[in-house]
């Protein structure tokens, strides 16, 4: 492998997230707990809606209308966006690693399954971290979600590198396996010290 491009997943790698924060806000309007709202929404098909939305095949207004209908909630789109979007907080150890890797001259790309509502909030929220990335690959813009090979190949193209010269870092094993199947080298993120060790084993210096 040449000097590799490093592609980072966002959720639970660069930043943590918890949908319970969103469902608690929505549930308060219904007299339900966050877990109750989430269970109701998932039973009614939330996971499939999220996949469609994150693949860019549904507008934000359509998504908010469908999700609120799933749980029997009548709120405006703006109210939904406020409740749904604010679920992220930075992973400081990975943010620090990103800074060090950029100082070393590595090409850095963000490769995330995400949607317009979340991206419109987290991109400015973590701008100090994202300024170190050379490119941002978001599934709803790419038109494919992990673990499809099209997603990984689009990220490699954003890195201006051959897939074999890309390392994809993700917290879900199915996404790591998807990266490997697409010809990239996948690394599973569990905790930052382990990631640093894994990167060191393949010759990444920081």
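Values quoted throughout were computed directly from the atomic coordinates according to the rules given, and no laboratory measurement underlies them. Not measured: the values here are computed from a predicted model.
Starting from 0.36 nm per residue, how many nanometres of slack lie between residue 201 and residue 164 once their C-alpha separation is accounted for? Don't skip to the end; give the middle numbers.
Details: separation 37, 0.36 × 37 = 13.32 nm, distance 1.66 nm.
Length gained, residue 201 through residue 164: 11.7 nm.
Report P(r) for the range 100-203: all Cα-Cα distances, bin width 10 Å, range 0 to the bin holding the largest distance, values in whole percent.
The calculated distribution, bin by bin, is 15, 47, 36, 3.
Taking the convex hull of the alpha carbon atoms in the chain, what volume per residue do you get, in Å³?
107 Å³
At 25 °C and 0.890 mPa s, what whole-number value in µm²/s does Stokes-Einstein give for the translational diffusion of the range 157-199, with Rh from the Kirkwood sum over Cα pairs? Numbers along the way, then the final one.
Numbers: Rh = 10.6 Å.
Once the numbers are plugged in, D ends up at 232 µm²/s.
Dividing the convex hull volume of the alpha carbon atoms of the range 86-129 by its residue count, what do you get in Å³ per residue?
Working: hull volume 3.4 nm³, N = 44.
Roughly 77 Å³ of hull volume per residue.
Which whole-number percent is the relative contact order of the chain (Cα, under 8 Å, 6+ apart)? Before the final figure, lay out the partial values.
On the way: 331 pairs, mean separation 53.4, N = 206.
Worked out over the chain, it gives 26 percent.
Across 5 Å bins from the origin, how do the percents of Cα pairs in the range 70-143 run, short distances first?
3, 13, 21, 21, 16, 11, 6, 5, 2, 1, 0
I'd like the distance between the alpha-carbon centres of the range 51-79 and the range 139-205, rounded to an integer number of Å.
Their Cα centres are 29 Å away from one another.
Restricted to Cα positions, what overall size does the range 19-85 have along the principal axes? Three whole-Å values, descending.
32, 24, 18
Determine the equivalent ellipsoid of the range 1-123 by diagonalising the alpha-carbon gyration tensor, then write out the semi-axes as square roots of 5 times the eigenvalues, largest first, rounded to whole Å. Can you show the working numbers first?
Numbers: eigenvalues 214, 47, 27 Å².
One finds semi-axes of 33, 15, 12 Å for the range 1-123.
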